[in-house]
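Chemist: Okay, handing you the structure first.
Values quoted throughout were computed directly from the atomic coordinates according to the rules given, and no laboratory measurement underlies them. A quick note: this is a predicted structure, and the numbers were derived from the prediction, not measured. All Cβ positions, glycine included, derive from the backbone under ideal geometry; neighbour counts span all protein chains shown.
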Amino acid sequence: ALYVFMADSLRVVDQGLDATRRVLPTTFNWPLFVAAFTLMAMPLAEIVAKARTPTLASLPSSGAR
């Protein structure tokens, strides 16, 4: 995801600091950004899913014997 934001600057970094500061992005690679964002969000989604799944200790007992 960071590469998507820095791609234009990385292309001119060998031309010096002034060229890097003057570069303006011409396009944005949305498909690559969405893929990277999805991959970054997956651990958070897993944590949320685990937090919402009841554990064995929190399940109500049946009481029948």
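Chemist: Can you work out the FRET efficiency for the pair Val13 and Leu39, with r the C-beta to C-beta distance and R0 = 25 Å, to the nearest 0.05?
Modeler: Result of the calculation: an efficiency of 0.50.
Chemist: Just to be sure I understand the model, the point goes 7 Å from the Cα along the line to the Cβ. What's the resulting Arg22 to Val48 distance in nm?
Modeler: Result for the modelled spin labels: 4.4 nm.
Chemist: Viscosity 1.002 mPa s, temperature 20 °C: Stokes-Einstein D of region 1-50 from its Kirkwood Cα radius, in µm² per second?
Modeler: Estimated via Stokes-Einstein, D reaches 169 µm²/s.
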